[in-house]
Each structure stands twice: as structure tokens, then as C-alpha cells.
Amino acid sequence: QQYRQSIFLIISELYANALDHGVLKLDSAIKISPEGFMRFYQMKEERLQTLQRGKIRLLFSHKPTNKGGQLTIKITDSGDGFDWQAYQHDLHENSSFCGRGLKLLEALCSRLTFHGRGNRVTAVFDWLR
């Protein structure tokens, strides 16, 4: 119960990334300014209205541990993925309107692993009693 906000944030961020960047193929670089931020969400609405097909799959597994438990969330989307091997953002130096989501996930999860072309992600959240 005490970890529900963290778990909600993890699932929300994973889903939003899969939808925005995977299924809808939106680029966060658009959000470089307040005007770009608004344009991003206009484009999102337009693409959602015309979306013909796309898929996001979430798989959850949980195992108890001696100290609490471990929740594993796997998400796959039908998008092209991204170059996760080149991904490196410093959250402390980020003053733009984008680029904080993955760092948030890294801070909340004990492990965040990208697979293949970047459209499959495994997030592991360890919780304590």
C-alpha cells in the first residue's frame, strides 16, 4: 500500500512512453519549448484520432522476498523503438520540457532494462516491508 504511488508512476511512465513514442511515433524533441510542448500534445491528439492499429502489452509478475517483494513489469509496443544504447541524459542538467521520464524510472526501479530495438522494456521494483 505504501508503494502504490511509485508503482503507479512506473506503470504510467512506461505506458506513456510506449504510446507516445512507440505507437504514435512522437519525438520528445518537439517539447523543447512551451510552444513545442503544446504542439506535442496537439500532434498526439491528431494521431490518436487517426490511429488504425498499434499494440501495447503489459506483463506483471511478483515474487515475495525475505524483505518484502519484487514486482517486475514488462512492456512491449508495436513501434520502431529507439536507440537506447545511445541514451544518456543527466537529470540534474535537464532544464527542458522533456527527457525526465526515463531518469524518473531509473530512480524508482532497482533495474530498468531495454531489449532489442528499444520497444521492449523490463522494469523491476523492489519493495520492503
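The values are calculated or read from the model by the stated rules, or taken from the named source; none is laboratory data. Just so we're clear, the structure is a prediction, and the values are computed from it rather than from any experiment. All Cβ positions, glycine included, derive from the backbone under ideal geometry; neighbour counts span all protein chains shown. Accessible surface areas use protein heavy atoms only, side chains included; no ligands, DNA or RNA. Shrake-Rupley method; radii C 1.70, N 1.55, O 1.52, S 1.80 Å.
Summed over region 1-41, the residues that are open to solvent by 100 Å² or more (accessible area, probe 1.4 Å), more than 30 Å from residue 129 (Cβ to Cβ) and in a helix (DSSP H, G or I) give a count of 3.
Here the condition is being in a strand (DSSP E or B) and at pLDDT below 95; of 113, 76, it holds for 113 alone. Which members of region 42-59 meet the condition of being in a strand (DSSP E or B) and loosely packed, with under 12 Cβ neighbours inside 10 Å? Scanning region 42-59 gives 57, 59.
Residue 104 satisfies every condition listed in (1) modelled with pLDDT under 85; (2) open to solvent by 30 Å² or more (accessible area, probe 1.4 Å); (3) under 26 Å from residue 35 (Cβ atoms) except (1).
Among the residues of region 62-78, those that are more than 18 Å from the chain's Cα centre (by Cα) and either open to solvent by 60 Å² or more (accessible area, probe 1.4 Å) or closer than 24 Å to residue 118 by Cα (or both) comprise 62, 63, 64, 66, 67, 70.
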